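Note sheet for the following structure.
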Amino acid sequence: MPSSRELHHEDESLGLCTAESLEEGFTMTPGVEKRRWSWKLLGALVAAPAVLLLGRHLGASSKAEVKADPLMATADWALSRDLTTDDNQKEDLIREAFSDPSFMWGCATSAYQVEGAWNEDGRTPSIWDKFTHAGRAFKGSNGDQACDYYHRWQEDLDRVAQYGFNTYRFSISWTRVFPMDDQKNMYPNEKGIQFYKNILHYLSKKGIRPLVTMFHWDLPEKLDWLDEEVVDYFVEYADFLLTTFQEVDWWSTFNEPWTFCTMGYALGLHAPGKQSKYLQYQCGHNVLRAHARVVDLFRRRHFRMGMKIGLVLNYDFPFPKDPENPHDVDAVQADAVKGVGWFADPVYKGDYPELLKESLGEHLPKFTEEEKNLLLQASNPIYNYYGLNTYSGRYVEAVKNHSTWTKQSFWKDGEPIGFPFIHAWLYKVPQEILLHLRWVNERYGPPSILITENGCSDPGNTEYEYTVNDWHRVGFFRDYLAKVAEARMEGIPVIGYTAWALIDNFEWADGYQRRFGITYNDFGNQKRTPKKSAEWFQGLLKRIQV
Ligand code: PNW
């Protein structure tokens, strides 16, 4: 069995990015311990402007099936078990930087990934029900039951409190609260509304602040992000949420538009499963229009002092493959503009970045002047915050010394960029979160930054004992948080951190085989067990006196 060290391979060929090549690269792994790589994909993932934004998902699979190196994983766990001086210093730094009691410490879930009860109490289907029922996720898995959180939410929220968090991030299932009939009319669903009312009431009793996402990918089955009408539907839904759940102060409109547009419309690996070269930009365009209109509505009709609304964007910050090569150094900037700027430039600067316009030409839709003004309003510091999701790091290099054509990879000189997890796009690279925060802060100067997702899966062995004793995850959180602490000390306005995830859940196309939780879930009997990482948070938050 080759070790993960032997996985390194560079394909220098500059293939064209076709739907076929992209799909091949992202076919999900058919076994818990198997790691597949697509070096062909690396070749394909070059410069072509159309390919821009594959970032964190690169190398997700390949024809060659290789197992993750269990020795490497065990060694890391053993190392992390005893606190080293270095770890102690990091924890001191974290305590010092986060002593502010208003800091938002939380963990997160999303509706489709945990709730189950897909057709109970009046919920109508979403595109993820359709996608999974068509057998498109790993081994035909789906979110029909997921963590059965619809019936077990109270014990899960007890755990959020027990762990010591003061914030809980979750999303509302659109079709549970505002289902759609055959004529595409939406109507309030009392039972669905009550479910979230109960959650909000319980959180308030426990002194936990809700951070509510309007859209975490579960679009009503009859809608499509490519059709302009979706914008009106989303605005109507958002208006309904803001009216119905006035107890919520902190909102976000969309979770990771990069991911649901790219995975759903370019790669076809997430719902609705379309493959294309450019449709992701049409999706992104409608998402941005919807975001701008909802924030406008929020400002005019729903805003009270203290309320916030933001957009949650994901990116994994890259490092120049050859730091001595100025083209590779420039390529980092180009990559970030293409990855983050696709969504953040319109909101903070009023339009798409020039680089994107130049490279995509007619394939990038255009905003009207009115839309540009509305977009700019969305970043009004009175209510705006920047929601930042981040997981991994990677290398980027300029193709043929052309700094705006970027090629991405995870290995250099036979070494991975960081400790590898079972997801082939996920490596432990704590420095990236600091560089990422600096970049966002410098380019956009948001009034505040909320880290809305950060976390890791497992290194390979997914047996109970290894996943519950998740010292690798403890090390991940400690190291990333120490970097966030540095950012805070530099004056970057990070005001909160919500770990992904409260509980192992339905990991989209990867089904249930990959676990991100700080709470273990046995999907057979729905029994939850806190992992070491949950205990670690509990200890840390006690010491910080959250
Ligand atoms: C994020 N992929 O998404 C989401 O916001 C979460 O729902 C998710 O569980 C978490 O990161 C961990 O993956 C992604 O397959 C989910 O490439 C899957 C992919 C990318 C992002």
Checklist entry - If we scan the stretch 404-420, do we find a residue that is without any contact (Cβ under 8 Å) to a residue 60 or more places away in the chain and of a type in the set (Asp, Glu)? => result yes
Checklist entry - Cβ-Cβ below 6 Å, separation at least six or inter-chain, first residue in the stretch 196-215 and touching a residue at least 12 places away in the same chain (Cβ under 8 Å) and farther than 16 Å from residue 155 by Cα, second crowded, with 20+ Cβ neighbours inside 10 Å and of a type in the set (Lys, Arg): which pairs? => result 211/169
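State whether one or more residues within the stretch 385-399 are more than 18 Å from residue 412 (Cα to Cα), polar (S, T, N, Q) and more than 16 Å from the ligand (Cβ to nearest atom).
Looking for residues that are more than 18 Å from residue 412 (Cα to Cα), polar (S, T, N, Q) and more than 16 Å from the ligand (Cβ to nearest atom), one finds none in the stretch 385-399, hence no.
Would you confirm, using the coordinates I've provided, whether residue 514 is open to solvent by less than 30 Å² (accessible area, probe 1.4 Å), away from the ligand (no atom under 16 Å from the Cβ) and within 30 Å of residue 269 (Cα to Cα)?
no
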Checklist outcome for this item: The number of residues in the stretch 146-162 that are open to solvent by 10 Å² or more (accessible area, probe 1.4 Å) and touching a residue at least 60 places away in the same chain (Cβ under 8 Å) is 5
Next on the checklist: If I filter the stretch 91-131 down to residues being open to solvent by 50 Å² or more (accessible area, probe 1.4 Å) and of a type in the set (Ser, Thr, Tyr), which single residue comes out as farthest from the chain's Cα centre (by Cα)?
Outcome noted: 99
Item to check | Filter result (away from the ligand (no atom under 14 Å from the Cβ) and part of a strand (DSSP E or B)) within the stretch 409-429 | outcome: 409, 411, 412, 415, 416, 419, 420, 428
Checklist outcome for this item: Subset of the stretch 259-284, residues out of contact with any strand residue (DSSP E or B) (no Cβ under 8 Å at 6 or more places or on another chain) and over 17 Å from residue 219 (Cβ atoms), comes to 276, 277, 278, 281
Checklist entry - For the stretch 490-506, what are the residues that are in contact with a Lys or Arg (Cβ under 6 Å, 6 or more places away or on another chain) and within 16 Å of the ligand (Cβ to nearest atom)? => result 498, 504
Checklist outcome for this item: Within the stretch 524-543, residues part of a helix (DSSP H, G or I) and either open to solvent by less than 20 Å² (accessible area, probe 1.4 Å) or of a type in the set (S, T, N, Q) (or both) come out as 533, 534, 537, 538, 540, 541
Checklist entry - Just checking, which of 487, 509 is within 13 Å of the ligand (Cβ to nearest atom), in a helix (DSSP H, G or I) and open to solvent by less than 10 Å² (accessible area, probe 1.4 Å)? => result 509
Item to check | helices (runs of 4 or more DSSP H) fully within the stretch 178-279 counting 1 or more residues that are away from the ligand (no atom under 16 Å from the Cβ) | outcome: 190-206, 229-244
Checklist entry - Which one of these is within 28 Å of residue 262 (Cα to Cα), of a type in the set (Asp, Glu) and either surrounded by fewer than 19 Cβ atoms within 10 Å (Cβ to Cβ) or at pLDDT 95 or above (or both): 247, 190, 228? => result 228
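Looking only at residues in the stretch 322-367 that are small (Gly, Ala, Ser) and touching a Leu at 6+ places or on another chain (Cβ under 7 Å), which one is surrounded by the fewest Cβ atoms within 10 Å (Cβ to Cβ)?
Ranking the candidates gives 350 first.
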Checklist outcome for this item: residue 101 passes all but one of the listed conditions (1) at pLDDT below 95; (2) touching a helix residue (DSSP H, G or I) at 6+ places or on another chain (Cβ under 8 Å); (3) in a loop (DSSP other than H, G, I, E, B); the exception is number (2)
Next on the checklist: So for the stretch 321-341 (the condition being over 30 Å from residue 125 (Cβ atoms), out of contact with any Cys (no Cβ under 9 Å at 6 or more places or on another chain), more than 16 Å from the ligand (Cβ to nearest atom) and assigned to a strand (DSSP E or B)), does at least one residue qualify?
Outcome noted: no
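Matching residues to (1) buried (at least 22 other Cβ atoms within 10 Å of the Cβ); (2) assigned to a loop (DSSP other than H, G, I, E, B); (3) away from the ligand (no atom under 16 Å from the Cβ):
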residue	(1), (2), (3)
436	yes, no, no
439	no, no, yes
443	no, no, yes
451	yes, no, no
455	yes, yes, no
459	yes, yes, no
466	no, no, yes
473	yes, no, no
Checklist entry - What number of residues within the stretch 203-235 satisfy the criterion of being farther than 21 Å from residue 134 by Cβ, under 21 Å from the mean Cα position of the chain (by Cα) and not aliphatic (A, V, I, L, M)? => result 5
Checklist entry - Does any residue of the stretch 382-402 turn out to be over 20 Å from residue 257 (Cα atoms), at pLDDT 95 or above and surrounded by fewer than 19 Cβ atoms within 10 Å (Cβ to Cβ)? => result yes
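The values are calculated or read from the model by the stated rules, or taken from the named source; none is laboratory data. Computed from a predicted model, the values in this text were never measured in an experiment. A quick note on method: Cβ atoms are made from the backbone with ideal geometry, for glycine too, and the neighbour counts reach across all protein chains shown. Note: accessible area is taken over every heavy atom of the protein model, side chains too, but ligands, DNA and RNA are not part of it. Shrake-Rupley method; radii C 1.70, N 1.55, O 1.52, S 1.80 Å.
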